[in-house]
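**Student:** Structure incoming, see below.
Values quoted throughout were computed directly from the atomic coordinates according to the rules given, and no laboratory measurement underlies them. These figures come from a predicted structure and were not determined experimentally. Please note: Cβ atoms are built from the backbone with ideal geometry, for glycine as well, and neighbour counts cover all protein chains shown.
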2 protein chains.
Amino acid sequence: MSLIVQKYGGSSVADKEKVFNVAKRIVETYKNGNSVVVVVSAQGDTTDDLIEKAAEISKHPSKREMDMLLSTGEQISISLLAMAIHELGYPAVSLTGWQVGMETDSQYSKSRIKRVEASRIKKELDHNNIVVVAGFQGINKYEDITTLGRGGSDTSAVALAAALHADLCEIYTDVDGVYTADPRIVKNAKKMDEVSFDEMLELASLGAGVLHNRSVEMSRKYNVKMCVRNSMNDHEGTIVKEGKKMERMVVKGVAHDLDVARIALVNIEDEPGAAFKVFSLMAKHNVDVDIILQSIGRENKKDISFTVKKSSLDVAKKILEENQDLLGYDEVKVREDVAKVSIVGAGMVNNPGVAAKMFEALYDAGINIHMISTSEIKVSVLISSANVEKAVNAIHDKFELGK
Amino acid sequence: MSLIVQKYGGSSVADKEKVFNVAKRIVETYKNGNSVVVVVSAQGDTTDDLIEKAAEISKHPSKREMDMLLSTGEQISISLLAMAIHELGYPAVSLTGWQVGMETDSQYSKSRIKRVEASRIKKELDHNNIVVVAGFQGINKYEDITTLGRGGSDTSAVALAAALHADLCEIYTDVDGVYTADPRIVKNAKKMDEVSFDEMLELASLGAGVLHNRSVEMSRKYNVKMCVRNSMNDHEGTIVKEGKKMERMVVKGVAHDLDVARIALVNIEDEPGAAFKVFSLMAKHNVDVDIILQSIGRENKKDISFTVKKSSLDVAKKILEENQDLLGYDEVKVREDVAKVSIVGAGMVNNPGVAAKMFEALYDAGINIHMISTSEIKVSVLISSANVEKAVNAIHDKFELGK
């Protein structure tokens, strides 16, 4: 008998039929002799509807009150899903974030899980109940409701799997697993059977979009074996687990991300602390910076370019302009028509030829590279967003990932 | 400085404008130097929408899961109302039933409040916060969410007022207060300035509809002074408090109730225990019985008639039919076209002439009386529902309540 944690996203429980589809899947797992803990998100558009309700009242609602409001979405899903499981004739009990002891820090709207006090869940499992848990939410030390921010339900599922020492954490979504590239763009993209935590982390943060990187980071930390599967079919999915050391180079997949904007500070003073000043300002205002490129200085001036999410662009630009005197640059240049394309694979670090092969593919396709960034297991380039489809296909073909 | 508990029903917070209207009212009370605790119901049709969602999944959903589901309605209201108060520039914090320590028994869907562990509210009041509490909900000893059933938010408000030793518990509704009769039926019905707990209890249970009797019972028990007021204007409302002993007869108001059905068991065995058998069966199946009338027996047979709520009629009839052998009657007769009309007033018990005066008014109006029931402070009659308007007006005039 295994203990399995399953997570279903909002689209998987959007209406009555889908709720029953998920309930049947859960019951199948339970009937096979497993203990089952299910984590669910809010149904379909519920969260958006609630956000809209708040927006009618206030342009900048209190984050505490937003968490109080938004956490009702998951509470609705869990009760309906438990009812559906009952309707199929099986025992189930729904539990909110505070009921399962999902203890978080005190930050509202994007809190972090500190620990899971899992005694209530264990008791319910001992009573042979299927336990249906509200994802995305927790409770802080003031006994106030918190929410975990983007990808929160995945993180809830992994945290529960870790706390309960589950044998597997299944993340159900609307695709069959993790692909070598986005199947909407690359026709012969292949589903991977297995991917390591490190690779998945890069794929997640690079815009592959299946798993949020917070959940993958937590899986890696607690060594929780995950499986990404399609809630609408019985395909095997992709296993995400601790990777073996790779001897030969393996490029696992090509990821792309259109949610990128580039900012360039032209003619900034070439003196110690220039970069520090820029990026500490960004950090202070919670602007996540990704690729950074600094030109070689001449005549005591240099250029600093970096990328941010499109949603952070306005804030970033405003901060930079307000601090022009402090930073001492001539001009801020901004480009939004850019995209990031990356290859990911463990063992890449020992194979310098990999990056060259990627650049060759882009050169052959006539695509200009604006910025380059590398890490142990990935190589990213910034290109014009118009070239994304061509670039991803060219790289996918070059590395023969479809075979 | 006073501590005031205010309760607003679902129609008072049905949309953005109404939420702000309520917020302004709360802020006015707060600005006048009072500590304010606000109890809110779910917005407008929210509860019905949630019930519908559950009905799509299951015809007989688990009561525990229904409470989990329905309690989200109030959680949405409190967060939105707190945001609106913030928007007006005042401090507010929303709290759910479990956060305010509203401890109930373990019965789902109509649980009873056992105690209020009010330390969290007190702390928030000490920090000068306006505290916005979700009505209708509590938590049981298993740490599961419960709901209080009909009139639950009124009861929440009174329980909090009692626990906090509040100076006043204001119940906001869509009428100006408690009337001598239903103003929609009796044109010269007068708003009462004051009514005793006992009188209010009879008026509530007799279908005056402004306050639920559970909340009035609790007010009386803990001597919580209440005020029924209109959320859309500044009229004084009706004070409900401990009554002074009345020397002379005072008929306070005329109530009517259309949610009544009459059941008659014809030719039941006239032997000891006949009534006991009938009404213990009703009690066992949670059928509330109101007026009971037993005919004088002849030839070892008698008739037993009683009234129930229309919603209980089918259940009651089924139980009686299933137990025909046990009870030994010839026939069950049912009438739904009936209504109860009552006069209420402390001191009535010492004035036997009051009932006669009521019957006279009905006689003058040509209205036939089916059943009669009296208590210390009320006289009720069952009549044809078609005659309700005429009856209430005739009685109202007879006792000169409009003057």
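**Student:** Gap in Å between the Cα centre of region B:79-99 and the Cα centre of region A:194-218?
**Tutor:** Answer, in whole Å: 38.
**Student:** Viscosity 1.306 mPa s, temperature 10 °C: what is the translational diffusion coefficient of region A:147-257 from Stokes-Einstein with a Kirkwood Rh over Cα pairs, rounded to a whole number of µm²/s?
**Tutor:** In µm²/s, the coefficient is 113.
**Student:** By per-residue mean of other Cβ atoms within 10 Å, what is the highest-first order of B:142-150, B:118-126?
**Tutor:** B:142-150, B:118-126
**Student:** Let me ask something additional. Loop only by DSSP, 16 or fewer other Cβ within 10 Å of the Cβ. Give me the GluC sites (Glu not before Pro) in region A:319-403 that pass, ordered by residue number.
**Tutor:** Sparse-neighbourhood loop GluC sites (Glu not before Pro): A:336, A:376, A:400.
**Student:** Still on this structure, please answer the following. Need the list of lysines near residue A:24 for cross-linking: C-alpha distance under 26 angstrom, and skip anything on the same chain fewer than eight residues off.
**Tutor:** Those lysines meeting the cut-off are A:7, A:16, A:122, A:123, A:191, A:225, B:53, B:59, B:63.
**Student:** According to a simple spin-label model (label point 7 Å from Cα along Cα-to-Cβ), what is the distance in nm between residue A:277 and residue A:310?
**Tutor:** Taking the simple label geometry, residue A:310 and residue A:277 are separated by 3.2 nm.
**Student:** So, one more: Tell me, what HN-Hα J-couplings in whole Hz come from the Karplus equation 6.51 cos²θ - 1.76 cosθ + 1.60 at θ = phi - 60° for each residue of region A:135-146, using x for Gly and Pro?
**Tutor:** The phi angles translate into x, 6, 10, x, 9, 9, 5, 8, 6, 9, 6, 10 Hz.
**Student:** Show the residues, 5+ positions off or on another chain, whose built amide H is closer than 5 Å to the amide H of residue B:291.
**Tutor:** Placed amide hydrogens put B:307 under 5 Å from residue B:291.
**Student:** Next question, about the same structure. How large is Rg over Rh for region B:247-403, taking Rg from the Cα atoms and Rh as the Kirkwood inverse mean of 1/r across Cα pairs?
**Tutor:** 1.02
**Student:** Averaging sequence separations of C-alpha pairs under 8 Å and six or more residues apart, then dividing by the length of chain B, give the relative contact order as a whole percent.
**Tutor:** Normalised by residue count, the contact order of chain B is 14 percent.
**Student:** With a Cα-only, solvent-free Debye model of region A:228-324, what are the log10 I(q)/I(0) values at q = 0.19, 0.21, 0.23 Å⁻¹?
**Tutor:** -0.92, -1.04, -1.17
**Student:** How large is the dipole of region B:32-161 about the Cα centre if only Lys and Arg carry +1 and Asp and Glu carry -1, each at its Cβ, rounded to the nearest 20 debye?
**Tutor:** Around 460 debye, computed over region B:32-161.
**Student:** Where does the Debye-calculated log10 I(q)/I(0) of the protein assembly as shown sit at q = 0.06, 0.09 Å⁻¹, using only Cα point scatterers of equal weight, no solvent?
**Tutor:** Cα-only, vacuum Debye calculation for the protein assembly as shown: -0.53, -0.96.
**Student:** Normalised by the empirical 2.2 N^0.38 Å for globular proteins, what value does the Cα Rg of region A:141-209 take?
**Tutor:** Cα Rg divided by the expected 2.2 N^0.38 Å: 1.37.
**Student:** For region B:27-143, how big is the tail of P(r) above 17 Å, as a whole percent of Cα pairs?
**Tutor:** So the pairs more than 17 Å apart make up 59 percent of the total in region B:27-143.
**Student:** Under a Cβ-only charge scheme (Lys and Arg +1, Asp and Glu -1), can you give me the dipole magnitude of chain B about the Cα centre, in debye to the nearest 20?
**Tutor:** For chain B, the charge dipole is close to 720 debye.
**Student:** Would you mind working out the magnitude of the charge dipole of region A:26-97 relative to its Cα centre, with +1 at each Lys and Arg C-beta and -1 at each Asp and Glu C-beta, to the nearest 20 Debye?
**Tutor:** Here region A:26-97 has a charge dipole of around 240 debye.
**Student:** Using a 7 Å offset from the Cα along the Cα-to-Cβ direction at both residue B:15 and residue A:403, what is the distance between the two label points in nm, to one decimal?
**Tutor:** In this crude spin-label approximation the distance works out to 6.5 nm.
**Student:** Whole-Hz Karplus ³J(HN,Hα) for region A:34-50, in order, using 6.51 cos²θ - 1.76 cosθ + 1.60 and θ = phi - 60°, x for Gly and Pro?
**Tutor:** Result, ordered by residue: 9, 7, 10, 10, 10, 10, 10, 8, 5, 5, x, 8, 3, 4, 4, 4, 5 Hz.
**Student:** If we count other beta carbons within 10 Å of each Cβ, what is the order of B:178, B:308, B:116, fewest first?
**Tutor:** Ascending Cβ contact count within 10 Å gives the list B:116, B:308, B:178.
**Student:** Quantify how much of the Cα-Cα distance distribution of region B:124-179 extends past 13 Å, in percent.
**Tutor:** For region B:124-179, the fraction of Cα-Cα distances above 13 Å is 71 percent.
**Student:** By Cβ position, which chain B residue lies least far from the axis that rotates chain B onto chain A, and what is the distance to the nearest whole angstrom?
**Tutor:** Result for the B and A rotation: B:72, 2.
**Student:** Let me ask something additional. Within region B:209-296, which GluC sites (Glu not before Pro) sit in a loop by DSSP and count at most 10 neighbouring Cβ atoms inside 10 Å?
**Tutor:** In loop regions of region B:209-296 (DSSP not H, G, I, E or B), the sparsely surrounded GluC sites (Glu not before Pro) are B:247.
**Student:** Still on this structure, please answer the following. List, in order, the whole-Hz ³J(HN,Hα) value for each residue of region A:374-385 obtained from phi through the Karplus relation with A = 6.51, B = -1.76, C = 1.60 and θ = phi - 60°; use x for Gly and Pro.
**Tutor:** For region A:374-385, the Karplus curve yields 10, 9, 4, 10, 8, 10, 10, 10, 9, 9, 5, 4 Hz.
**Student:** Still on this structure: Counting only residues 5 or more places away or on other chains, whose amide H sits under 5 Å from the amide H of residue A:171 once H atoms are built in the peptide plane?
**Tutor:** A:7, A:227, A:228, A:229
**Student:** Work out how far the C-alpha atoms of region B:34-95 reach from end to end along every principal axis, then list the three figures in whole Å, largest first.
**Tutor:** 46, 17, 12
**Student:** Turning to a different aspect of this structure: Restricting to DSSP H runs of at least four residues, report the calculated mean residue ellipticity at 222 nm for the protein assembly as shown, -39500 (n - 2.57) per run over all residues, nearest 500 deg cm²/dmol.
**Tutor:** About -10500 deg cm²/dmol.
**Student:** Can you pull the Rg over Rh of region A:1-69, Cα-only, Kirkwood?
**Tutor:** Reported Rg/Rh (Cα atoms, Kirkwood Rh): 1.17.
**Student:** Report, please, the projected area of chain A averaged over directions, based on the convex hull of its C-alpha atoms, in nm².
**Tutor:** 21.8 nm²
**Student:** Here's another thing I want to ask about it. With label points built 7 Å along Cα→Cβ from the Cα atoms of residue A:321 and residue B:242, find their separation and express it in nm.
**Tutor:** If labels sit at residue A:321 and residue B:242, their model points lie 6.8 nm apart.
**Student:** Tell me the distances, shortest first, between residue A:400 and the same position across the other copies, using label points 7 Å along Cα→Cβ, in nm to one decimal.
**Tutor:** 10.9
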